[in-house]
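The values are calculated or read from the model by the stated rules, or taken from the named source; none is laboratory data. Keep in mind the model is a prediction, meaning the values are calculated, not measured. Ideal geometry is used to build each Cβ from the backbone, glycine not excepted, and the neighbour counts take in all protein chains shown. Note: areas computed on protein heavy atoms with side chains; ligands, DNA, RNA excluded. Shrake-Rupley method; radii C 1.70, N 1.55, O 1.52, S 1.80 Å.
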Amino acid sequence: MLSFIRSEIHQLNAYQPHPGGETGEPVVLQDRLDTNESPYDLPSDLKLKLADLYQEIESNRYPDGGQLTLKQAIADYVNESAPLTESAAVTAAHLSVGNGSDELIRSILIATCLGGEGSVLVANPTFSMYGIIAQTLGIPVVSVGRSPETFEIDLAAAETAIAQTQNPPVRVVFVVHPNSPTANLLTPREIDWLRQLPPKILVVIDEAYFEFSQTTLLPELHQHPNWVILRTFSKAFRLAAHRVGYALAAPEVAIALEKVRLPYNLPSYSQTAALVALTHRSLLLSAIPEILAEREHLLQSLSNAARLQVWPSRANFIFVRPHAVESQSAEAIAEQICQTLKTQGTLIRHTGGGLRITIGTPAENRRTLERLSVILNS
Ligand SMILES: *Cc1c(COP(=O)(O)O)cnc(C)c1O
């Protein structure tokens, strides 16, 4: 053991972007439907434009550490993307931009809970990075469950957990809207619960899939100085490779996040890519209706599979769960399906007690459906 490494880090398993399995690597990797990216790369004329813009980057100079141009462009997009009254409109002062929203999750935790000052509350199954990043920082994670049928958060358990967690108390509640991996929106009851949480608790509403759900709590942000909304360029905007995410919050909260971020967290070329993506947003986002139509087609086809339970989705992925049989648990069957698909070249995710399948191109979805039906009928 390296005795200079903190014990929490010893105990932590490193995050595995594509969890491996006993059945080994796929023959040929065709369909990457396990990380909820857009199936479409940037169009090649936009890539050429981006390549041209590289000429304007002074590679010997540090990036723009204030990121004001990008913040203003994000604010314009955000204001355009939701029906906002003038008092609810956001400006650069409401923004902090991160190296992916993962960095912002870490900044939030550093700014709120570090040093034994707070615990975080999550409702599982949900995005795993909240818990993983908290653990790397030695921050306790309190978990509550969800309804096994609707995936609504067990609010009574959440209330009890908040009341009973001391030393340190719950300082941050993380929710995803719509949730990953279960693809459901927050319900009116859950939103009411978030509204009445005390001002000493920060509420983080992760809207990574906003462009697909077209549902946001942004119009209420200005009424809640203890709310943060997270968004990302990694999904609908097709920029996962460039690592750009942003947080929207009251200016005082944004200032705190700006204090803890590293000064040059966002490389120049990533800032340029995000600006180009925003300038061409109508083109990039025009792929969404096809993805949503594909999602409905996939759901329709899978709901005919007797061996699967299927849930509706408001995101660019779907969540299904195999029914247990006498000899095998649902978890074991899910793992088997996942590994068999992997040997055939299709990656999906076994997580949260089921299977999360990203919506790909029509060809990818068709192949996945065919392979799944063969497995389910065998
Ligand atoms: C994909 C995803 C993100 C995006 O993270 P980045 O670091 O911006 O790539 C954030 N939150 C959730 C819930 C996600 O599924």
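Would you tally the net charge around residue 360, using a Cβ to Cβ cut-off of less than 14 Å, leaving residue 360 out, and scoring K and R as +1, D and E as -1?
Net charge around residue 360: +1.
What size of dipole, in debye to the nearest 20, comes out for the chain about its Cα centre when the only charges are +1 on Lys and Arg C-beta atoms and -1 on Asp and Glu C-beta atoms?
Roughly 260 debye, rounded to the nearest 20.
Simple point charges give the picture: +1 on the Cβ of Lys and Arg, -1 on the Cβ of Asp and Glu, and for region 206-326 a dipole about the Cα centre of about 260 debye. For region 66-175, the fraction of 1.4 Å probe accessible surface lying on carbon and sulfur atoms is 53 percent. Rolling a 1.4 angstrom probe over the protein heavy atoms with all chains in place gives the chain an accessible area of 46 Å² per residue. The amide H of residue 127, built 1.01 Å from its N in the peptide plane, has 180 as neighbours under 5 Å, considering only residues 5 or more places off or on other chains.
Taking all protein chains together and a 1.4 Å probe, the residues 323, 224 rank 323, 224 from largest to smallest accessible area.
Contact order, relative form, for region 38-113: 23 percent (alpha carbon pairs under 8 Å, 6 or more residues apart, mean separation divided by residue count). Within the chain, DSSP assigns beta bridges of which about 55% are antiparallel (rounded to the nearest 5). Mean sequence separation of contacting Cα pairs (under 8 Å, at least six apart), scaled by the length of the chain, corresponds to a relative contact order of 24 percent. Once you have a ≥ b ≥ c as the square roots of the Cα gyration tensor eigenvalues for region 98-171, tell me rounded if a/c is under 1.5, and otherwise prolate or oblate according to whether a/b is larger than b/c. Verdict is oblate for region 98-171. When both region 305-378 and region 41-71 are represented by their alpha-carbon centers, they are found 39 Å apart.
Packing, taken as the mean count of other beta carbons within 10 Å per residue, orders the peptides 366-376, 189-199, 100-110 from highest to lowest as 100-110, 366-376, 189-199.
Taking K and R as +1 and D and E as -1, what net charge do the other residues with C-beta under 11 Å from the C-beta of residue 64 add up to?
+1
As a rough guide to protection, the peptides 247-254, 350-357, 132-139 ranked by mean Cβ packing within 10 Å, highest first, stand as 350-357, 247-254, 132-139.
Where both bridge residues fall in region 199-276, DSSP classifies roughly 55% of the beta bridges as antiparallel. Would you please calculate the Kirkwood hydrodynamic radius of region 50-204 over all C-alpha pairs and express it in Å, rounded to one decimal? Roughly 17.8 Å, rounded to one decimal. Taking a ≥ b ≥ c as the square roots of the eigenvalues of the alpha carbon gyration tensor, region 134-204 is prolate, as a/c is not under 1.5 and a/b beats b/c.
Quickly rank 54-63, 312-321, 285-294 as a protection proxy: mean count of other C-beta atoms within 10 Å, highest first.
312-321, 285-294, 54-63
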